Amino acid sequence: MWPSTEATGPSSRASATPVMHGRAVVATESAFEARGLTYAYGKTRVLDGLGFRVAPGELLGLLGPNGCGKSTTLRVLTGLIVPQAGELYWRGERVAPGDRKLRTIMGVVFQAPSLDARLSLRENLTLAARLYGFAKRDVRARVAQALAFAELEARADAKVSELSGGMKRRLELARALLHEPRLLLLDEPTAGLDEHSFQRAWERIFQLRSQLGTSVIVATHRAEEAGLCDRVAVLDQGRLVACDTPQALIDRVSGDVLTLEADDPIALAAEIREQFGLEPRVVGDKVVVERERGHELVPRLVEALPAGRIRSLSMHRPDLSDVFVKLTGRSLTEAGLQP
């Protein structure tokens with residue numbers, strides 16, 4: 001059964017939560033599991049004993065900055081590279097990376113575009129359907145369903161090169177679903193998309209999860225995107241730092257988050273520590289302070305510190321980007337290990 005195109009996704013990015021789009025998943029049963037994945041490019045260890053599991057129909061986010069090992073993880077899961085150590089399991093049965101049994105039930109959307117820009121939409125999907133092994137008599141129906149799912153029927157015979165970025169991403173997702181996979185891997189699925197395309201892409205992800213029961217692994221560096229998943233695995237330098245529901249992770253950050261920019265953040269952090277008895281963190285050129293009722297602290301900071309010491313000061317409720325800072329001491333915009 002192909003997912004219907006009836007809209008089930010978020011009306012706004014801020015209000016979207018997994019429980020609004022199909023059942024909330026508690027990962028008590030494992031559909032897919034990775035244990036102890038280790039991989040190094042030369043002397044640079046990109047995956048360091050990484051492990052996680054995904055329940056049937058669960059959306060799992062892999063959250064971390066560029067270079068933290070997310071794409072390498074997906075390359076291992078798809079069999080493009082073989083880890084130096086580690087094991088993969090599907091429904092409790094051990095499978096080798098790239099095993100035919102695993103590839104048969106897997107759909108993949110890589111970060112880099114993989115459509116043939118010289119072919120039409122219909123030709124790209126037809127080629128994929130034949131590679132998936134569908135009989136010639138079934139290909140036409142599958143391609144028609146995919147075009148409808150991507151809402152691109154009117155552009156079926158246009159060249160892929162003529163599509164917008166959002167249209168291409170929808171087409172890649174539709175192509176990955178041609179064989180109704182039980183496991184879907186998405187690498188930065190909304191990178192470079194505008195707000196509308198972001199929403200439409202996630203509507204489709206929610207549809208396939210709720211209607212096909214597909215387990216989905218989403219690798220992303222975007223906190224708001226990870227927040228749409230059932231659980232989030234926080235990755236740092238190839239290691240699993242934490243894994244829980246988005247709200248449970250956010251609850252680790254107490255109160256409001258104050259961010260202060262300064263020319264000398266280390267000196268500013270020391271001054272705040274001395275005058276207010278707080279434990280600020282230095283992240284790049286910023287000082288981050290967690291504080292209940294943070295609005296009461298703002299005027300006290302401004303009054304107590306010398307003029308010009310603070311370039312800017314902002315306050316917000318915590319999100320997953322603040323969780324990453326607290327767990328790792330770095331921001332999601334900082335590059336991690338680079339092979």
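The values are calculated or read from the model by the stated rules, or taken from the named source; none is laboratory data. Predicted model only: the values in this text are computed from it and were never measured. Neighbour counts are summed over all protein chains in view; Cβ atoms, including those assigned to glycine, are modelled from backbone coordinates with ideal geometry.
Between LEU173, LEU147, LEU125, the distinction of being part of a helix (DSSP H, G or I) and touching an Asp or Glu at 6+ places or on another chain (Cβ under 6 Å) belongs to LEU147 only.
A quick yes/no check of all residues on (1) of a type in the set (Lys, Arg); (2) in a helix (DSSP H, G or I); (3) not assigned by TED's automatic domain parsing to the domain that holds ARG35:
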site	(1), (2), (3)
VAL234	no, no, no
ALA267	no, yes, yes
GLU271	no, yes, yes
GLU274	no, yes, yes
GLU279	no, no, yes
VAL287	no, no, yes
LEU301	no, yes, yes
SER331	no, no, yes
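Per this entry, LEU119 is counted among residues that are in contact (Cβ under 8 Å) with a residue 40 or more places away in the chain and closer than 22 Å to LEU152 by Cα.
State which residue is farthest from the chain's Cα centre (by Cα) when the search covers only the range 107-131 and only residues that are of a type in the set (Val, Ile, Thr) and closer than 19 Å to GLU151 by Cβ.
Just the residues of the range 107-131 that are of a type in the set (Val, Ile, Thr), to begin with: 108-109, 126.
Then drop every residue that is not closer than 19 Å to GLU151 by Cβ, which leaves 109, 126.
Values: VAL109: 12, THR126: 29 Å.
If we take residues in the range 107-131 being of a type in the set (Val, Ile, Thr) and closer than 19 Å to GLU151 by Cβ, then THR126 is farthest from the chain's Cα centre (by Cα).
Taking the range 150-170 as the range and being part of a helix (DSSP H, G or I) and closer than 26 Å to ARG103 by Cβ as the test, the residues that pass are VAL160, LYS168, ARG169, ARG170.
Rundown of residues vs (1) touching a helix residue (DSSP H, G or I) at 6+ places or on another chain (Cβ under 7 Å); (2) assigned to a strand (DSSP E or B); (3) touching a residue at least 12 places away in the same chain (Cβ under 8 Å), yes/no style:
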{"site": "GLY36", "(1), (2), (3)": "no, yes, yes"}
{"site": "VAL46", "(1), (2), (3)": "yes, yes, yes"}
{"site": "GLY51", "(1), (2), (3)": "no, yes, yes"}
{"site": "PRO65", "(1), (2), (3)": "no, no, yes"}
{"site": "THR72", "(1), (2), (3)": "no, no, yes"}
{"site": "GLY86", "(1), (2), (3)": "no, yes, yes"}
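When VAL26 is tested against the conditions (1) buried (at least 18 other Cβ atoms within 10 Å of the Cβ); (2) assigned by TED's automatic domain parsing to the domain that holds ALA174; (3) modelled with pLDDT under 90, the lone failure is (1).
If I ask for residues that are aliphatic (A, V, I, L, M) and either under 10 Å from the mean Cα position of the chain (by Cα) or surrounded by fewer than 21 Cβ atoms within 10 Å (Cβ to Cβ) (or both), which ones from the range 235-266 would you list? Passing the criteria: LEU240, VAL241, ALA242, ALA248, ILE250, VAL253, ILE266. When the range 241-265 is filtered for residues that are modelled with pLDDT of 90 or more, more than 30 Å from VAL54 (Cα to Cα) and assigned to a strand (DSSP E or B), the ones remaining, listed by number, are VAL257, LEU258, THR259, LEU260, GLU261.
For the range 52-75, a residue qualifies if it is among the β-branched types (Val, Ile, Thr) and crowded, with 24+ Cβ neighbours inside 10 Å, and the qualifying residues are THR72, THR73. For THR214, the criteria (1) modelled with pLDDT of 95 or more; (2) among the β-branched types (Val, Ile, Thr); (3) within 28 Å of GLY69 (Cα to Cα) hold in every case but one, which is (1).
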